[in-house]
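Colleague: One structure, pasted below without further comment.
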Amino acid sequence: MEKHFKWLLVFIILTFLSACNTTVQQNALESIEESESKTFNVAFTWSPANLDPHGSEGWEVMRAGIAETLIMLDENLEPSPWLAKNWEQEDSQTFILYLQENVLFHNGTKMNAERVKASLERSLEMNQRAKDLLQLDLIEVLDDHSLKLVTKEPNAALIAHLADPSTIIADVSVIDDNINSPVLTGAFTVKQFQKDEFLLVERFKEYWGEPSLIDEITIRFISDGNTRLMALQAGEVDAATDIPIDNIPVIERDKNIEILTASSLRTHMMLYNFNSPIFEEPLHRQAIDSSILKEEIVQSVMMGKGAVANSPFADVLPFGSINSSEERLSLPSILKEAGWVREETGNWMKGGEPFEITMLTFPQRPELTVMAEIIQNTLHQEGILVHLKQVENIDEALKTEHWDMAMYSMLTAHTGDPQYFLNIFYHSNSPSNVSNYQSAAIDELIEEINRTSDQDKRNTLALEMQNMINEDLPQSFIVYPETVFGARSNVSGFNPHPIEYYYIRPGIKVE
């Protein structure tokens, strides 16, 4: 009996040691897997309020690499295949789209024409921008992987507009279950989201396209440009978007950080409030515009990373080449014509009141505040009092604050076409007409471009409108900035794009 007990004891001990060894091996394997896990940390400027792909946050959802649209715009702003592998146009209002056949949503469900139709229908229901861009009258499923789209009127820009983030493709059958964990098709899927703090995404192992080289990405939301830069310099993040231009010389001396630039379709501008008594008068807008030192701003504020702006659309676009050779009158001559008198104090006076204005700026784009300070100083020397006011949310402030002028920045041709921006920014009935500008002639031309399919004619109409806008001056266009990212030297594949929503891509690599 004692002998059997000894053998039993030996067996138990050996079994225990074997189990321990197995546990050690498993732990070692997990440790190896963890050590081989590739991560990427990046700082973005803006935090979405939520991750609803069809709400107002679609741009930020797209930037996170978790979402895709039917069409992508390449670096030449030409429509290229994405979730749609091909397309054809039957007539001025009818388009056939052929879908990729091997795409899975993040929940493993196959993407097909029915689900794409349901996604587009939710986009149209939820997002006014999608409705304005697509102008769809019919979405018809032809088979599992093809759709017919019919527009209400001729819409020559439809294919390009299908690249807009408002048209992100989602499995909408489950989207309301958790709006901060949408079921999409991108190379990454949502792991955790904390508004104003971070978004954690992980590689989608069954992604249909090029597999990601990164397993997990942490996107930190840091609205202040200088704080983003400090996080990059300290190695807290591997890369950062929207690097403050005035800090570029400092970064260029840092061997561990590279500056990455690309031409953009963005325009930095200054708005005039047509509801402000001072700027109801066109001569007052002309006087301010004549004093803006655009070339100096490009060189001193933008460090040469941009070009002087003469219209809403950059010169690289076929509808953006505006002739600005006409010599501008000086501020004093314009104000004298408007009935102002410059007193011995140096200030311009009229009816016992000084020429005094309030100007808004905001911290998310630090270069705009520097521009505002230059404009303020120039106008002060010219005898005009400018009070700068910094606000956290510029779009909200334009609706609720008292203001006369405001710094602003817009991606004006985000689908490579002028139609959408002209509609939202200049049509008298648009809620996004932030300058409160009214022009019956512009409204007519906008409606004409909306129904015009010939591209040359569309470009001509856009150029005609811009010449009229420059006459009326609802805004002063200052700079076409370059997009500036910063990345540590061991990072590759994180490159700016003229269209500002292709940030996180599968090709990002950290050595």
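The values are calculated or read from the model by the stated rules, or taken from the named source; none is laboratory data. Keep in mind the model is a prediction, meaning the values are calculated, not measured. Note: ideal-geometry Cβ built from the backbone for every residue, glycine included; neighbour counts use all protein chains shown.
Colleague: Just the residues that are more than 21 Å from the chain's Cα centre (by Cα) and either at pLDDT below 90 or within 18 Å of Met465 (Cβ to Cβ) (or both), please, taken from region 304-328.
Modeller: Result: Asn310, Pro318, Ser321, Ile322, Asn323, Ser324, Ser325, Glu326, Glu327, Arg328.
Colleague: Give the residues of region 71-91 that are assigned to a strand (DSSP E or B) and of a type outside the set (S, T, N, Q), sorted by residue number.
Modeller: If the condition is that a residue be assigned to a strand (DSSP E or B) and of a type outside the set (S, T, N, Q), then Ile71, Met72, Leu73, Pro79, Pro81, Ala84, Lys85, Trp87, Glu88, Glu90, Asp91 are the ones that fit.
Colleague: Among the residues of region 91-120, what is the count of those that are among the charged types (D, E, K, R) and free of Cβ contacts under 8 Å to residues at least 40 places away in the same chain?
Modeller: Of the residues in region 91-120, 4 are among the charged types (D, E, K, R) and free of Cβ contacts under 8 Å to residues at least 40 places away in the same chain.
Colleague: If you go through region 339-376 one residue at a time, how many are basic (Lys, Arg) and in contact (Cβ under 8 Å) with a residue 24 or more places away in the chain?
Modeller: The number of residues fulfilling the criteria is 2.
Colleague: So, in region 475-496, of the ones that are part of a strand (DSSP E or B) and among the polar types (S, T, N, Q), which residue ends up surrounded by the fewest Cβ atoms within 10 Å (Cβ to Cβ)?
Modeller: Here the residue is Ser492.
Colleague: If you scan region 370-396, which residues turn out to be modelled with pLDDT under 95 and closer than 19 Å to Leu293 by Cα?
Modeller: Val370, the sole residue that qualifies.
Colleague: Hey, another quick one. Taking Asp132, is it at pLDDT below 95 and either surrounded by 14 or more Cβ atoms within 10 Å (Cβ to Cβ) or assigned to a strand (DSSP E or B) (or both)?
Modeller: It is true that Asp132 is at pLDDT below 95 and either surrounded by 14 or more Cβ atoms within 10 Å (Cβ to Cβ) or assigned to a strand (DSSP E or B) (or both).
Colleague: Let me ask something else about it. On the given criteria, is Asn273 more than 24 Å from Glu60 (Cβ to Cβ), surrounded by fewer than 18 Cβ atoms within 10 Å (Cβ to Cβ) and either in contact with a Ser or Thr (Cβ under 7 Å, 6 or more places away or on another chain) or at pLDDT 95 or above (or both)?
Modeller: It is false that Asn273 is more than 24 Å from Glu60 (Cβ to Cβ), surrounded by fewer than 18 Cβ atoms within 10 Å (Cβ to Cβ) and either in contact with a Ser or Thr (Cβ under 7 Å, 6 or more places away or on another chain) or at pLDDT 95 or above (or both).
Colleague: Scan region 377-392 and report the pairs whose first residue is touching a residue at least 24 places away in the same chain (Cβ under 8 Å) and whose second residue is among the basic types (Lys, Arg), with Cβ atoms within less than 6 Å and a gap of 6+ or a chain change.
Modeller: Gly383/Arg342
Colleague: Further question: Which of (1) in a helix (DSSP H, G or I); (2) under 23 Å from Thr151 (Cβ atoms); (3) not acidic (Asp, Glu) does Asn467 not meet, given it meets every other one?
Modeller: Just one mismatch for Asn467, condition (2).
Colleague: Let me ask another. Quickly run through region 309-335 and pick out the residues that are under 25 Å from Leu411 (Cβ atoms) and touching a strand residue (DSSP E or B) at 6+ places or on another chain (Cβ under 8 Å).
Modeller: Answer for region 309-335, where residues must be under 25 Å from Leu411 (Cβ atoms) and touching a strand residue (DSSP E or B) at 6+ places or on another chain (Cβ under 8 Å): Ala309, Asn310, Ser311, Pro312, Phe313, Ala314, Asp315, Val316.
Colleague: Among the residues of region 136-171, write down those that are without any contact (Cβ under 8 Å) to a residue 60 or more places away in the chain and not in a strand (DSSP E or B).
Modeller: Asp144, His145, Lys152
Colleague: So for region 226-233 (the condition being of a type in the set (Lys, Arg) and modelled with pLDDT under 95), does at least one residue qualify?
Modeller: Within region 226-233 (the criterion being of a type in the set (Lys, Arg) and modelled with pLDDT under 95), the answer is yes, since at least one residue qualifies.
Colleague: State whether the residues of region 192-199 include one that is assigned by TED's automatic domain parsing to the domain that holds Leu99, under 26 Å from Ile139 (Cβ atoms) and part of a loop (DSSP other than H, G, I, E, B).
Modeller: No.
Colleague: Being in the same structural domain as Met72 (by TED's automatic domain parsing), at pLDDT 95 or above and surrounded by fewer than 18 Cβ atoms within 10 Å (Cβ to Cβ) narrows it down to one residue among Gly209, Gly186; which is it?
Modeller: Gly209
Colleague: What tally of residues in region 390-420 results from selecting those that are farther than 18 Å from Asn76 by Cα, within 19 Å of the chain's Cα centre (by Cα) and surrounded by fewer than 21 Cβ atoms within 10 Å (Cβ to Cβ)?
Modeller: Selection size over region 390-420: 7.
Colleague: What are the residues in region 422-441 that are part of a loop (DSSP other than H, G, I, E, B) and of a type in the set (Ser, Thr, Tyr), if any?
Modeller: Selection gives Ser428, Ser430, Ser432, Ser435, Tyr437, Ser439.
Colleague: Please go through (1) modelled with pLDDT of 95 or more; (2) surrounded by 16 or more Cβ atoms within 10 Å (Cβ to Cβ); (3) not acidic (Asp, Glu) for Lys336 and return the number of the only condition it doesn't satisfy.
Modeller: (2)
Colleague: Can you spot a residue in region 455-471 that is surrounded by 20 or more Cβ atoms within 10 Å (Cβ to Cβ) and of a type in the set (Ser, Thr, Tyr)?
Modeller: No, region 455-471 contains no residue that is surrounded by 20 or more Cβ atoms within 10 Å (Cβ to Cβ) and of a type in the set (Ser, Thr, Tyr).
Colleague: Applying the selection to region 261-279, what residues are within 25 Å of Asn495 (Cα to Cα) and either basic (Lys, Arg) or more than 27 Å from the chain's Cα centre (by Cα) (or both)?
Modeller: If the condition is that a residue be within 25 Å of Asn495 (Cα to Cα) and either basic (Lys, Arg) or more than 27 Å from the chain's Cα centre (by Cα) (or both), then Arg266 is the only one that fits.
Colleague: Please list, ordered by residue number, the strands (runs of 3 or more DSSP E) wholly in region 336-405 having 3 or more residues that are closer than 30 Å to Ile248 by Cα.
Modeller: 356-361, 385-390
Colleague: What about Ile357, is it over 26 Å from the mean Cα position of the chain (by Cα), buried (at least 18 other Cβ atoms within 10 Å of the Cβ) and either modelled with pLDDT under 95 or farther than 27 Å from Phe221 by Cβ (or both)?
Modeller: Judged against the criteria, Ile357 is a match.
Colleague: Yes or no: Ala413 closer than 23 Å to Asn393 by Cα and hydrophobic (A, V, I, L, M, F, W, C)?
Modeller: yes
Colleague: Further question: What are the residues in region 489-511 that are farther than 12 Å from Thr241 by Cα and charged (D, E, K, R), if any?
Modeller: Within region 489-511, Arg505, Lys509, Glu511 qualify.
Colleague: Which ranges mark the helices (runs of 4 or more DSSP H) fully within region 221-308 that have 3 or more residues being in contact with a strand residue (DSSP E or B) (Cβ under 6 Å, 6 or more places away or on another chain), in contact (Cβ under 8 Å) with a residue 60 or more places away in the chain and farther than 20 Å from Met359 by Cα?
Modeller: 225-233
Colleague: Hey, another quick one. Of the numbered conditions (1) touching a residue at least 40 places away in the same chain (Cβ under 8 Å); (2) surrounded by 17 or more Cβ atoms within 10 Å (Cβ to Cβ), Glu202 fails exactly one; give the number of that condition.
Modeller: Condition (1) is where Glu202 drops out.
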